[in-house]
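Comments concern the structure below.
The values are calculated or read from the model by the stated rules, or taken from the named source; none is laboratory data. This structure is a prediction, so every number in the text was calculated from the model and none was measured. Every residue, glycine as well, gets a Cβ built from its backbone with ideal geometry; the counts of neighbours run over all protein chains shown.
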Amino acid sequence: MKTSIIGYPRIGNLRELKFASEKYFRGEITAEELEKTAKLIRSYNLEIQKKSGLDLIPSNDFSYYDGVLDTAFLLNAVPERYTALGLSELDTYFAAARGYQGEKGDVKAFAMKKWYNTNYHYMVPEIDDSTEIKLAGTKPFDLFTEALGSGVKTKPVVIGAYTFLKLARFKGNKKAADFATQTAAAYSELLSRFNGLGAEWVQFDEPSLVMDMTAEDIQLFVSLYESILKNKGAVKVLAQTYFGDVRDCYKELCGLGFDGIGLDFTEGKRSAELVKKNGFPQDKVLFAGVVNGKNIWRNSYASSLAVLSELEKHTHDIVINTSCSLLHVPCTLANETKLDERYKKHFSYAEEKLTELAELKRIISSSCPAETEEYRRNEALHSEPRTGGNEAVRKKVAALTEKDFVRLPGFAERERIQKERFRLPEFPTTTIGSFPQTAEVKSARNAHRKGELSDSDYEFFIEKKIAECIALQEEIGLDVLVHGEFERNDMVEYFGECLDGYLFTEKAWVQSYGTRCVKPPVIWGDISRAKPMTVRWSVYAQSLTDKPMKGMLTGPVTILNWSFPREDITLKESALQIALAIREEVLDLEANGISIIQVDEAALREKLPLRRSDWREDYLDWAIPAFRYVHSGVKPETQIHTHMCYSEFADIIKDIDDMDADVITFEASRSDLTILDVLKENHFRTEVGPGVYDIHSPRVPSKEEIKSAISKMRERIPAEKLWVNPDCGLKTRGNEETVPSLKNLVNAAKEARNENS
Ligand code: GLN
Ligand code: ZN
């Protein structure tokens, strides 16, 4: 068996590409210097892949910003507003990636969207009726040739025709099918160019095949590839899928003229069953994704071998592959200098996954796989009892019953009790939690981390900031106050640090979009609350004001979704463990006099399964209860808020209501407010605060603008259920725009109140 990977991280082991790009954006280095960094990263990646013994090394997985954007440029799908700027090729590309504002014009970037079920974001290509799809770029050929120059015949990787058309946004009347002929012709030409260059394999990434497909989708996919593969010549074409299984088009996929098919046996629930039931074409190579490209745990060789040997019953030609591109894991463990070896030995980042592939290959080619040294070591590692087990937590989770997830009394009764208790004015005003994290706040936190600022000095500093923040909110006239979240760097990391069972890495950066990377913490063991996490700040804040002070927590689903999850227990179990810990904090806040508690579920929708049929069973059936468990123990007069960072929840509206919070705030200012109709149609029960202005922009919204947003909301939402707030936390904003914006918000709410009475 040979080995292959789908793609390798391109940001550089120490995020070299990020730093070089940002310097380039600031005009501190030239395009040539940026290119030099890019080349160094590529040649480093090539070398380590070569050294690892990997058989099929990808090329064109490199990108200055995003692979889908690269494909748009490759296929001439570049809106005129960018080309018209008259910039260099690279700068035109960056204008589409980031927008351009300067002497040559003012244009917005492509829209950005989450890449399937990952935390990576791609740029959404725009196609209008005048777009002519044709092969217009040379990047895949240049990078293939570059690697060839280093003695490696790589497997070029390009987003496939079907996925490209499915991801694009069609701005005119024409639809994907109207571009099928042009697109197929462009891909045919691409193959013929690779034939000319002597490529052996070309990989077309087709992750959209794992989504729910309509008959029309299948028709589009088939017609594209019948045409693309018709005269493909000697080059072998691999249809690479990932993030799930291809249950809707397995037969069509097998029936087309591909030379290889890549299936995901990690996330593809039905991949193995599809092969078993339908067989696998004997003239094709099966690229079997058994090494998880999304998580950081060592592969279990026993499990991988079990999958591979089952597959061998159906086909003889198998390549051992990763489940998806390694873009979604950090680069190398070599930079984790502080992590204890007893943890580290369980981890595998991109570089280590290369070793796993090589070891699997060696093991499988041995006459007695289970006797090999590598296999035994791996088996021993996986059978080691995990430190960080917490029997008490597991027992508690196991003992949960239906009634633990139900808050009593029901919503209407609580609403009555709470109206009585808080006596808030109509359209109460509040914020989402954080206030501007100024340079002063960040530098105090850094100094504290480095030990330059003592614990007590740091705490004194945070208290001072809280006091300022409360004075400011009182002056502005907000109704429900927050403490400002100055003690937090990040809404997940902060809680992770206060929970037992979490591990933190040093350099485990993963690209989120463009030059942005995230460093998700790792759920290592059973989770429990080591100590109160926010109580002292909230209690201090409440002591300074007579207005209600919102306690501020992150919910279990968001904490889980923004971490590297365990693989030895289910996501459901992890979510419930975290819920247990957050619930303790909720009850602790309540016991300490906090009357309103907000539990943010910013990322609730993020891990909704790609296929609708999996939504319930695989996700919502435990995610929503996990949230409910967090607050089901509070008194009826305690008000529970939640917050979400988007309003695209029309399709799960009932589930959102079923979270049974008393109030929910969410982003609505940037969307077209259709969500309000959906709320109305569904008789949404929870009180709502659809954000009245966009905090992602430094613009100060006028009072009139906010009033008009409120009046639009009033048309669909009963007055007694409507809150007025910005659409997200203010931490990325400055005080210059925050203060006037909030003043306008409060005045707008006051006027709306008067007009209503
Ligand atoms: N309470 C958080 C804040 O205000 C919520 C952040 C978020 O929704 N991403 O910062
Ligand atoms: Zn938000």
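Which residues, counting only those in the range 635-682, are of a type in the set (S, T, N, Q) and within 16 Å of ligand 2 (Cβ to nearest atom)? I'd like the intermediate steps shown before the answer.
Just the residues of the range 635-682 that are of a type in the set (S, T, N, Q), to begin with: 638-639, 642, 647, 665, 669, 671, 674, 682.
Once the filter is applied, which keeps residues that are of a type in the set (S, T, N, Q) and within 16 Å of ligand 2 (Cβ to nearest atom), the range 635-682 yields T642, S647, T665, S669, S671.
Quick one: in the range 505-557, of everything that is modelled with pLDDT of 95 or more and among the basic types (K, R), which residue is surrounded by the most Cβ atoms within 10 Å (Cβ to Cβ)?
That would be K550.
Of F486, F427, F435, which residue is aromatic (F, W, Y), within 16 Å of ligand 2 (Cβ to nearest atom), touching a strand residue (DSSP E or B) at 6+ places or on another chain (Cβ under 9 Å) and closer than 18 Å to C728 by Cα?
Details: F486 fails: within 16 Å of ligand 2 (Cβ to nearest atom); F427 fails: within 16 Å of ligand 2 (Cβ to nearest atom).
Every option except F435 fails the conditions.
Scan the range 616-627 and tell me whether some residue there is within 15 Å of ligand 1 (Cβ to nearest atom) and touching a residue at least 12 places away in the same chain (Cβ under 8 Å).
yes
Take F243 and decide whether it is modelled with pLDDT of 95 or more and in contact with a helix residue (DSSP H, G or I) (Cβ under 6 Å, 6 or more places away or on another chain). Steps first, please.
Numbers: modelled with pLDDT of 95 or more: yes; in contact with a helix residue (DSSP H, G or I) (Cβ under 6 Å, 6 or more places away or on another chain): yes.
Criteria met by F243.
Can you list the helices (runs of 4 or more DSSP H) found entirely within the range 510-596 that contain at least 2 residues being within 16 Å of ligand 2 (Cβ to nearest atom)?
Here the list reads 556-561.
Go through (1) assigned to a helix (DSSP H, G or I); (2) within 16 Å of ligand 2 (Cβ to nearest atom); (3) of a type outside the set (F, W, Y) and name the single condition K465 misses.
The failed condition is (2).
Could you grab me the full set of residues in the range 20-33 that are touching a helix residue (DSSP H, G or I) at 6+ places or on another chain (Cβ under 8 Å), surrounded by fewer than 20 Cβ atoms within 10 Å (Cβ to Cβ) and either touching a residue at least 40 places away in the same chain (Cβ under 8 Å) or of a type in the set (D, E) (or both)?
F25, A31, E33
Counting residues that are of a type outside the set (D, E, K, R), which helices (runs of 4 or more DSSP H) fully inside the range 65-135 reach at least 3?
Values: elements: 67-74, 80-83, 89-98.
Helices (runs of 4 or more DSSP H) meeting the threshold: 67-74, 89-98.
Taking helices (runs of 4 or more DSSP H) that fall entirely within the range 189-285, which contain at least 2 residues that are among the hydroxyl-bearing types (S, T, Y) and at negative phi? Spell out how you get there, then give the answer.
Values: elements: 215-228, 250-255, 271-278.
Qualifying helices (runs of 4 or more DSSP H): 215-228.
Of the residues V285, V307, which single one is within 25 Å of T118 (Cβ to Cβ), of a type outside the set (S, T, Y) and out of contact with any Pro (no Cβ under 8 Å at 6 or more places or on another chain)? Working first, answer last.
Working: V285 fails: within 25 Å of T118 (Cβ to Cβ).
Answer to the selection: V307.
Kindly indicate which of T674, T732, T738 is of a type in the set (V, I, T), surrounded by fewer than 20 Cβ atoms within 10 Å (Cβ to Cβ) and within 15 Å of ligand 1 (Cβ to nearest atom).
On the way: T674 fails: within 15 Å of ligand 1 (Cβ to nearest atom); T738 fails: surrounded by fewer than 20 Cβ atoms within 10 Å (Cβ to Cβ).
Just a single option satisfies the conditions, and that option is T732.
Counting only residues that are of a type outside the set (F, W, Y) and in contact with a helix residue (DSSP H, G or I) (Cβ under 6 Å, 6 or more places away or on another chain), how many does the range 479-494 have?
First pass over the range 479-494, keeping only residues of a type outside the set (F, W, Y): 479-485, 487-493.
Filter once more, keeping what is in contact with a helix residue (DSSP H, G or I) (Cβ under 6 Å, 6 or more places away or on another chain): 481, 483-484, 487-488, 492.
Looking only at that region, the number is 6.
Considering only the range 411-430, I want to know if a residue exists there that is touching a residue at least 12 places away in the same chain (Cβ under 8 Å), under 20 Å from I476 (Cβ atoms) and within 16 Å of ligand 1 (Cβ to nearest atom).
yes
I'm checking my understanding of the structure. Among residues of the range 704-747 that are of a type in the set (D, E) and more than 16 Å from ligand 2 (Cβ to nearest atom), which one is farthest from D490 (Cα to Cα)? Show your work before the answer.
Just the residues of the range 704-747 that are of a type in the set (D, E), to begin with: 704-705, 715, 720, 727, 736-737.
With more than 16 Å from ligand 2 (Cβ to nearest atom) added as a condition, the list becomes 704-705, 715, 720, 736-737.
Working: E704: 33, E705: 31, E715: 36, E720: 33, E736: 22, E737: 22 Å.
My answer is E715.
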